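**Q** Once you've had a glance at the structure underneath, I'll fire off some questions.
The values are calculated or read from the model by the stated rules, or taken from the named source; none is laboratory data. Worth saying up front: this structure is predicted, and the values here are computed from it rather than measured. Neighbour counts run over all protein chains shown; Cβ positions are idealised from the backbone, glycine included. Accessible surface areas use protein heavy atoms only, side chains included; no ligands, DNA or RNA. Shrake-Rupley method; radii C 1.70, N 1.55, O 1.52, S 1.80 Å.
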Amino acid sequence: MYILMGLIEEKSMEKYIFGSLVIMIIAIVVDVICKRISSVLQTEGGYNASAFMRIKIAEHLRYLPMGYFNSNSIGEIASVTTNTMEVLGDVASRVVMLTMQGILETAMIVFMILIFDVRIGLISVVGVIVFFIINSMMQKAGKKDSEQKVKCDTELVNQIMEYVQGISEVKSYNLLGKQAKRLNDANDACAKINTKMKLVFVPYHFLQGIVTKITGTIIIICCAAFYINGTMNSVYAIGMSISAFILYSSLETAGNYSSLLHVVSVCVDKANDILALNTMDIEGREIEPKSHDIQLDHVSFSYDKRKIIDDVSLSIPEKTTTAIVGPSGGGKSTLCNLIARFWDVDEGEVSLGGINVKDYNLKIKFIKRRS
């Protein structure tokens with residue numbers, strides 16, 4: 001615009017060329033500084049968000065009943081703490097940054113156009129509104145597939161862990177075909193859902209691009225018409241025409257990346273689902289038992305509806321050895337887990353030193369043992 005003003009006014013161009021160079025140098029320096037700061041903040045923000053969430057989940061898992069780990073796949077927990085957190089740490093921060101950057105840059109350019117010419121500014125605003133209507137439709141269309149993608153990713157991690165952890169049994173009992181098939185099926189499911197998501201989003205990305213290009217074309221035509229009828233000078237007409245090419249470039253990038261917002265949302269929901277699980281009551285008292293006698297008084301316990309321990313009472317004096325003997329599946333391990341309070345009993349009471357184990361503060365005891 002500055003050079004165009006010099007050309008049209010037919011003045012000495014040295015001033016305008018030097019001025020434009022100064023403007024560009026300042027803009028480049030500011031751009032480099034801002035991008036460096038934003039990249040550092042994006043990396044730190046993404047890393048800290050995922051790291052703190054992992055720590056929060058780990059702290060929460062410490063106080064879940066062991067029964068949760070029996071009835072839920074360890075692979076799912078591993079998937080959330082690895083794959084899901086990786087998405088939040090890397091993809092989420094980038095998606096949010098680029099989406100907000102596109103919106104803010106477009107808003108700033110539209111605002112400046114409105115200052116120079118309200119008519120062109122209103123055309124730009126209409127283009128932005130239509131763009132966001134299509135983007136909203138894309139978000140709704142991809143919501144279901146985004147949830148399915150995260151589920152498939154979780155299942156794939158689960159199958160990989162199961163395959164790797166059980167590789168000795170797989171080889172010993174020649175289960176390579178069966179186990180490999182389950183792993184391959186999970187991998188194929190991920191490939192299919194990722195392909196499906198691309199196919200769902202491509203038409204909307206295309207429409208978003210069409211809207212921005214058509215709006216830009218309308219702006220150029222209007223600038224030419226306004227110049228011909230004398231309601232816009234040549235500098236503004238050329239400047240507005242140039243702005244039509246750069247107006248929506250950032251917004252298109254933001255629109256393309258915004259298709260991943262639902263994936264990020266589902267990842268956050270999966271992490272919050274784990275944090276929403278009911279933990280055992282750990283807010284007991286700091287108690288130093290006078291003895292370490294173990295007492296079970298009419299204890300009953302069930303896995304879902306299947307009763308494993310039914311009205312069992314026993315006493316184990318301290319400094320003695322007790323053997324729990326019985327057939328496989330008879331509840332021996334369950335009984336030991338109840339004594340250690342890996343689970344809470346359904347009925348009855350487990351006591352240590354004559355005090356119900358539920359009255360002990362688990363967190364304080366854990367810290368003391370660790371220290």
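**Q** May I ask you to evaluate 6.51 cos²θ - 1.76 cosθ + 1.60, the Karplus curve with θ = phi - 60°, for each residue of the stretch 326-331 and list the ³J(HN,Hα) values in order in whole Hz, giving x for glycine and proline?
**A** Values per residue, Gly and Pro as x: x, x, 4, x, x, x Hz.
**Q** Principal axis lengths of the stretch 4-69 from Cα atoms, whole Å, largest first?
**A** In descending order, the Cα extents are 84, 17, 10 Å.
**Q** Could you put M97, M138 in order of accessible surface area, largest first, with the 1.4 Å probe and the full protein assembly present?
**A** M97, M138
**Q** Taking every pair of distinct Cα atoms and averaging 1/r, then inverting, what Kirkwood hydrodynamic radius in Å comes out for the stretch 252-291?
**A** 14.1 Å
**Q** Divide, for the stretch 200-350, the radius of gyration over alpha carbons by 2.2 N^0.38 Å, where N is the residue count.
**A** 2.42
**Q** Hey, if we sort F111, F226 by accessible area with the 1.4 Å probe, largest down, what's the order?
**A** Ranked list, largest accessible area first: F111, F226.
**Q** Something else now. Give me P(r) over the stretch 317-364, computed from all C-alpha to C-alpha distances, binned every 5 Å, as integer percentages.
**A** So the P(r) values, bin by bin, are 5, 17, 24, 25, 19, 8, 3, 0.
**Q** With only alpha-carbon pairs counted, each pair once and no self-pairs, how large is the Kirkwood hydrodynamic radius of the stretch 92-233 in angstroms?
**A** 19.3 Å
**Q** Right, here's the next one. Once Rh for the stretch 179-259 is found with the Kirkwood sum over Cα pairs, what is the Stokes-Einstein diffusion coefficient at 20 °C and 1.002 mPa s, in µm²/s?
**A** The diffusion coefficient I find is 136 µm²/s.
**Q** Based on DSSP H runs of at least 4 residues, each adding -39500 (n - 2.57), what is the mean residue ellipticity at 222 nm of the chain after dividing by all its residues, to the nearest 500 deg cm²/dmol?
**A** Counting only the DSSP helices, I get -23500 deg cm²/dmol.
**Q** FRET efficiency for F245 and T279, Cβ-Cβ distance as r, R0 = 56 Å, nearest 0.05?
**A** Given R0 = 56 Å and the Cβ-Cβ separation, E is 0.50.
**Q** So what is the relative contact order of the chain, in percent, for Cα pairs below 8 Å that sit 6 or more residues apart?
**A** 20 percent
**Q** Please calculate the 1.4 Å probe accessible area of E14, with all protein chains present, and give it to the nearest 10 Å².
**A** Surface open to solvent at E14 totals about 120 Å².
**Q** Continuing with the same structure: Once Rh for the chain is found with the Kirkwood sum over Cα pairs, what is the Stokes-Einstein diffusion coefficient at 10 °C and 1.306 mPa s, in µm²/s?
**A** Using the Kirkwood radius from Cα pairs, D works out to 59 µm²/s.
**Q** Write down Rg/Rh for the stretch 225-268, rounded to two decimals, with Rg from the C-alpha atoms and Rh from the Kirkwood relation over Cα pairs.
**A** 1.40
**Q** Would you please name the trypsin sites (Lys or Arg not before Pro) within the stretch 1-105 that are DSSP coil residues with at most 14 other C-beta atoms within 10 Å of their C-beta?
**A** Taking the stretch 1-105 and a limit of 14 other Cβ atoms within 10 Å, the loop trypsin sites (Lys or Arg not before Pro) found are K11, R62.
**Q** Using R₀ = 25 Å, calculate the FRET efficiency as 1/(1 + (r/R₀)^6) where r is the Cβ-Cβ separation of N187 and Y303; round to 0.05.
**A** 0.20
**Q** Using only the Cα atoms of the stretch 294-344, what do you get for the radius of gyration and for Dmax, in Å?
**A** Using the Cα atoms of the stretch 294-344, the pair Rg, Dmax is 11.1, 36 Å.
**Q** Additional query: Rounded to the nearest 0.05, what FRET efficiency do F52 and N194 have when you use their Cβ-Cβ distance and R0 = 35 Å?
**A** 0.75
**Q** OK, next. Taking the convex hull of the alpha carbon atoms in the stretch 1-155, what volume per residue do you get, in Å³?
**A** Hull volume normalised by residue count: 147 Å³.
**Q** Under unit Cβ charges (Lys, Arg +1; Asp, Glu -1), what dipole magnitude, rounded to 20 debye, does the chain have relative to its Cα centre?
**A** Using Cβ point charges on Lys, Arg, Asp and Glu, the chain gives about 580 debye.
**Q** Also, quick follow-up: Which residue, chosen from I28, N48, H262, occupies the Cα position most advanced towards the positive end of the dipole of the chain, where the dipole is computed from +1 (Lys, Arg) and -1 (Asp, Glu) charges on Cβ about the Cα centre?
**A** Checked the options; the winner is I28.
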